[in-house]
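Report on the structure given below.
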Amino acid sequence: MSPEPGAPVDGPGGGLLAEATDVVLRYGSHTALARSSFTIPLEGVTAVIGPNGSGKSTLLHALAGLVPVAEGRLQVLGREPKQARDEISYVLQSTVVPPSTPITVRETVGMGRYPRVGFFRRFAREDRARVTEAMRRMEIEDLAGRHLHELSGGQRQRVYVAQGLAQDHSVMLLDEPLTGLDLVSARAIDALIHGEGRDRGVVVLTTHDLDEARVADHVILVSGRVVSYGPPEVVCTRHNLEVAFGLGSLHGWEGFIDDPAHDPHRGDTRSRVGRPSDEARR
């Protein structure tokens, strides 16, 4: 059964980034996202929120054209997802580069220009400027000559986000961009998310942080299927969160963090997630 949506927020001119009708996503015989319908507006920041293993990353993969639709219909920017790839920049949660790979930060960020200029053509002034600006926004200019294996995890994540920024894109997809980062890296990427979403394109990110979802413009709540979508105040209700996160047995708690033991496909309501309110702590 398709969810009852909150009032979808259309982008400028009534456009949509994505529209899904009865979509099913699978990896082999495993159903990662059961039959679901939703829309994503062509503006602002959309947060895809849900427990671990709930289908968040798979949904992002589908939007990027990396996972085929098993059933139903998905359109991105009015086209099949693969046909919209040139307008989408996708930054994965983690990218593994062998320590022996002799590649610097500037070279890594510059790879974001390859779809436009090719692998062997020299960069024009505009390309070099885009790389420099992306590094400036991620506060990694001082790391330009260092090799990736010399960086901390947070620094590397900023490098990969800068690579995504350097691309020609109207949409940026970010998979768990703030998970496990140091304060400086988290601050830089958070500033990008909310600045990018308002004046330089559209951002779609996955998260299990309710606070992050509440400051987004649009939310998609998933738990093996799309439970609800629309404005945060419509989606992030106690009932919807109980369905998605299994919070039914909690009393006197506010907020939550992800519970890796909760299986979204079982509908388990015995999870202990969150932080106690002052009253509960007393």
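The values are calculated or read from the model by the stated rules, or taken from the named source; none is laboratory data. This one's a predicted model, so the numbers in the text were calculated from it and none came from an experiment. Protein only, heavy atoms only, side chains kept; ligands, DNA and RNA dropped before computing areas. Shrake-Rupley method; radii C 1.70, N 1.55, O 1.52, S 1.80 Å.
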Would you mind working out the accessible area per residue for the range 10-64, using a 1.4 Å probe, and quoting it in Å²?
32
Amide H of ARG26: which non-local residues (sequence gap of 5 or more, or other chain) have their own amide H closer than 5 Å, using H built in the peptide plane?
ALA32, ALA70
Mean shadow area of the range 15-95 over all directions, Cα convex hull, nm²:
5.6
How many percent of the accessible area of the range 123-205 is carbon or sulfur, using a 1.4 Å probe?
49
